[in-house]
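**Q** Sharing a structure, written as structure tokens. Questions coming.
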Amino acid sequence: MLHPAKELFAFEFNESAEHGAGAGDCISPLGEVFDTVSVAGAVSGVETSRVSGKVTARISDPTGVFLVDGGKKDSSTGRSLAGAEIPSFVAVTGRAVAGGGMHIIAEAVIPVDRSARDSWACAVLRDTIRRMEASLDNENAKPDLKEMCRYAGLAGRVLDAVCESSSSGEEGSSGSQDYSEKILEIIDIHSGKKGMLVEDLVNTCKSSGLSETDIKRTIESLVEDGECYLPAGGYIRRL
């Protein structure tokens, strides 16, 4: 049975499973039945098989990572993923597959910007909260209290990372946001083609009066929130 494309966060998608009620259907822990998904996030890794020519990509949202099968490297989806800059934002629509671990077989890949990713995340957050509330009465989804608390925590991470980002400069911003702005400014000033070495960033921030604990905590937050990316070689780059 074909369903309209569903929009799910990575944490809910990756914990979904095959649904016996319909061939090819999947069901999420919150009871959402789907066979096609539409997601958006940052390209955090791309690999092309030398043997099969198949392109696979990792697309990150604020809650986790989607594994995407882009098809052959000469297909439109394969070319789009193989040619995507790391990091950059994309929107992917495709078929959800549970076999061999949850993944997406891409049918369309479109480059987007941060504002489009943020709009997608805010819309999905509203839908996720609705499903959390409805799951209490859904016979297909009976998450226990511990699971619900974990989902609420992940939803809160999205709220912090995306939906309130536009107000980060408003009155009442926290000290951690001030650290983020300062560290991002340092990265912008000192980054080369590969970015800035994390070790150099820590030392520069310490010389500016920040504690190593605050620096490392802020770096982790910037990576989790999709503001920065950690390529190989000990570097950090702005997204």
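Only the coordinates and a few stated rules stand behind these numbers; no lab work does. Keep in mind it's a predicted model, so treat the numbers as computed, not measured. Cβ sites come from the backbone with ideal geometry, for glycine too, and all protein chains shown count toward neighbours.
**Q** Indicate the gyration tensor shape class of region 7-68 (rounded, prolate or oblate), computed on the Cα atoms with a ≥ b ≥ c the square roots of the eigenvalues: a/c under 1.5 is rounded; otherwise a/b larger than b/c is prolate and the rest oblate.
**A** Note, shape of region 7-68 comes out oblate.
**Q** On full extension of the chain, what length is gained from Ile105 through Ala123, given 0.36 nm per residue of separation minus the C-alpha to C-alpha distance?
**A** 4.2 nm
**Q** OK, next. For Ala17, put the label point 7 Å out on the Cα→Cβ axis and report which residues of region 87-129 keep their amide N under 15 Å from it.
**A** 98-102
**Q** Now for a different question. Among His103, His190, which comes first, then next, by fewest other beta-carbon atoms within 10 Å?
**A** Arranged by neighbour count, lowest to highest, His103, His190 become His190, His103.
**Q** Can you tally the net charge around Met102? Count Lys and Arg as +1, Asp and Glu as -1, for every other residue whose Cβ sits under 12 Å from the Cβ of Met102.
**A** -3
**Q** Give me the percent relative contact order of region 169-238, please, defined on Cα pairs under 8 angstrom at least 6 residues apart.
**A** After rounding, I find 37 percent.
**Q** Give me the distance in nm between label points sitting 7 Å out from Cα along the Cα-to-Cβ direction at Glu224 and Asp200, one decimal.
**A** Between Glu224 and Asp200, the simple spin-label model gives 2.8 nm.
**Q** In nanometres, what is the gap between the two model label sites at Ser88 and Arg150, each 7 Å from Cα along Cα-to-Cβ?
**A** Going by the 7 Å Cα→Cβ label model, 3.5 nm.
**Q** Roughly how compact is region 10-160, stated as its Cα Rg over 2.2 N^0.38 Å to two decimals?
**A** Numbers: Rg = 15.7 Å, N = 151, 2.2 N^0.38 = 14.8 Å.
Dividing the Cα Rg of region 10-160 by 2.2 N^0.38 Å gives 1.06.
**Q** Hey, what do the phi angles of region 118-133 turn into as Karplus ³J(HN,Hα) couplings, whole Hz, using 6.51/-1.76/1.60 and θ = phi - 60°, x for Gly and Pro?
**A** Going residue by residue, I get 5, 4, 4, 5, 5, 5, 5, 4, 4, 5, 5, 4, 4, 5, 4, 5 Hz, with x marking Gly and Pro.
**Q** Under 8 Å for C-alpha pairs, at least 6 residues apart: give me the relative contact order for region 10-160, rounded to a whole percent.
**A** Relative CO of region 10-160 lands at 23 percent.
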